[in-house]
Amino acid sequence: MNPLLDVQELAVSFDTHAGEVKAVNSVSFQVFPGEAVGIVGESGCGKSVTAHAIMQLITTPPGKYMNGKILFEGTDLLQRPETDMERIRGNDISMIFQDPMTALNPVLTIGMQIAESLQLHQNMNKAAAYTQAVELLRLVGIPSPEQRVKNYPHQFSGGMRQRAMIAITLACNPKLLIADEPTTALDVTIQAQILALMKDLQAKLTMSIIFISHDLGAIAGICSRVIVMYAGKIAEAGTAEDIFHSPQHPYTWGLLKSVPRMDAKQKQRLAVIEGQPPDLLCPPTGCPFHPRCPHAMHICTEVYPETTQITQLHSVKCWLQHPSAPKPEVQINGPK
Ligand code: SF4
Ligand code: MG
């Protein structure tokens, strides 16, 4: 099967007054039709920049440099003119954001906004689009959709607004949906409901999803493959099974320890990863995680870790796992 999306050696950097920021560096991954892929990492790790690069929504002036390829159905989006991208956005690739209020139009009813999408992307007439808007609201779990379709965004709660955003996205019938922290602004119960909805829709509608989150727990139920990003690069990638049951990178270990476990026998304290994500203006030498890594060795401070292929789908960039790395060695940050 050919991938729907094939990102090859993507690099995005920005010129700032203080110097060049390499926000995304040498990132490669594929998304196959009908597959949900999770991208996880702390804020500033490059996951949103990757998503915005795919959508060509990076507008930050002045200096922006993009390299590599973003092949969507075999053609490179980085080479497409903006007029093509306008058609691709919405029709083929849609995005939902953390705060749906910024994406919804406050002066149009929810029904009008869904109907507009249907008219534009699915060539429906006005009356048919309005009827379908009610059905889409029902599909995303809005109660009394016949009444609610006439409401304005401010009459919806945060969770309902995110459901309405998902309905608008579905109205576009995209091949690829990019969800950038879609539940982060919601409280925990509503988060769980939206995640369950996305999982349900993904199974029903067989679209591809890139699900971006700082929370591995949110990704767990939805994605079959997971990419862990740190400091603009991929630290580890594998199937959900690999990442949750045999993670190989100390950063992934840290992320997993900070996820609450439903099966924990006793109350456990959630661990946090000590320290701060690196300043991408002057990232650390060697492995960018070394200042925070409890397992860091001397080689980690000097040489960027080569990729170790654990299985065909599971790869990691960490000297601990590399067959030719010097070991065992003194851990420079000491045991924690
Ligand atoms: Fe830690 Fe070294 Fe592995 Fe980086 S390469 S994650 S510093 S052990
Ligand atoms: Mg972000």
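The values are calculated or read from the model by the stated rules, or taken from the named source; none is laboratory data. All figures in this text were calculated on a predicted structure; none of them were measured in a lab. All Cβ positions, glycine included, derive from the backbone under ideal geometry; neighbour counts span all protein chains shown.
So here's what we get for this one:
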{"read-out": "Residues that are of a type in the set (S, T, Y) and without any contact (Cβ under 8 Å) to a residue 40 or more places away in the chain, drawn from segment 26-80", "value": "T59, T75"}
{"read-out": "Only listed residue being surrounded by 15 or more Cβ atoms within 10 Å (Cβ to Cβ), more than 24 Å from the chain's Cα centre (by Cα), at pLDDT 90 or above and among the aliphatic types (A, V, I, L, M), chosen from L71, L77, L104, L137", "value": "L137"}
{"read-out": "Residue list for segment 172-190, filter: away from ligand 2 (no atom under 16 Å from the Cβ) and either among the aliphatic types (A, V, I, L, M) or within 18 Å of the chain's Cα centre (by Cα) (or both)", "value": "P174, K175, L176, L177, V188, I190"}
{"read-out": "Test: residue in segment 185-198 that is over 20 Å from P3 (Cβ atoms), modelled with pLDDT of 95 or more and out of contact with any helix residue (DSSP H, G or I) (no Cβ under 7 Å at 6 or more places or on another chain)", "value": "no"}
{"read-out": "Any hit, segment 290-303, residues being outside any helix (DSSP H, G or I), modelled with pLDDT of 90 or more and farther than 18 Å from P247 by Cβ", "value": "yes"}
{"read-out": "Residues (part of a loop (DSSP other than H, G, I, E, B) and surrounded by 19 or more Cβ atoms within 10 Å (Cβ to Cβ)) located in segment 1-43", "value": "L4, E35, G41"}
{"read-out": "Selected residue (only one of E20, E42 is within 16 Å of ligand 1 (Cβ to nearest atom) and within 30 Å of P277 (Cα to Cα))", "value": "E42"}
{"read-out": "Test result for G111, small (G, A, S), in contact with a helix residue (DSSP H, G or I) (Cβ under 8 Å, 6 or more places away or on another chain) and more than 23 Å from Q191 (Cα to Cα)", "value": "yes"}
{"read-out": "Qualifying residues in segment 249-261 (those that are more than 9 Å from ligand 1 (Cβ to nearest atom) and part of a loop (DSSP other than H, G, I, E, B)) - the one surrounded by the most Cβ atoms within 10 Å (Cβ to Cβ)", "value": "V259"}
{"read-out": "Qualifying position, being within 16 Å of ligand 1 (Cβ to nearest atom) and in a helix (DSSP H, G or I), among I190, I194, I234, I243", "value": "I243"}
